[in-house]
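Values quoted throughout were computed directly from the atomic coordinates according to the rules given, and no laboratory measurement underlies them. If you're wondering where the values come from, they're calculated on a predicted model, not measured in any experiment. Every residue, glycine among them, receives a Cβ derived from its backbone with ideal geometry; neighbour counts consider all protein chains shown.
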Amino acid sequence: MPNDVNEPSHAEVLRAADAIVAAFATTDAKAYFATFAPDATFIFHPESNRLDSRAEYEETWDSWIAEGWSVADCVSSARLVQTFPGGAIFSHTVDTTVTTREGAESYRERESIIFRHLGDGNLLAIHEHLSTVPDTVPADASADAEPNVAEVVAQ
């Protein structure tokens, strides 16, 4: 990879993140894994260990597919872009529904993706970290408040 010190734009980061989310949302393994560097690493809270390469994640993905898993829906919100020379960090809340042999499952998680800037306007993900969202409600939020769809879309 080039040793580029150019800082990606906010729009470039959002395009790269949107490509990941869109491919994941349709269980499009080819498009999804094309967004990650071969040496990318992955930390997923449901997995017992870190995945140390894209190939290792692809093997894990294939095992999920073999068990009847697929993504039915994936929505990104509360998006934050942080750029720096040579790359960026994208973090967001992700609401995902998957189907399994047991039926549909939905969950809300937080995710951070670190991108390397390739110097041609493109970004490649080099690390992804997925974590749970605590069930606690902030002290200043109403316990029964639901997010407004317009607010989620605006994020």
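How much net charge surrounds S91 when only the other residues with a Cβ under 13 Å from the Cβ of S91 are counted, with Lys and Arg +1 and Asp and Glu -1? Around S91, the charge tally is -1.
Using the Cβ of A66 as centre and a radius below 11 Å, the other residues enclosed give a net charge of -2, where K and R count +1 and D and E count -1.
The packing ranking of peptides 12-20, 29-37, highest mean first, is 12-20, 29-37, where packing means the average number of other beta carbon atoms within 10 angstrom of each residue. Of S70, Q82, S48, which is farthest on the positive side of the dipole of the range 33-140, counting Cα position, with +1 on Lys and Arg Cβ, -1 on Asp and Glu Cβ, and the Cα centre as origin? It is Q82, whose Cα lies furthest towards the positive end.
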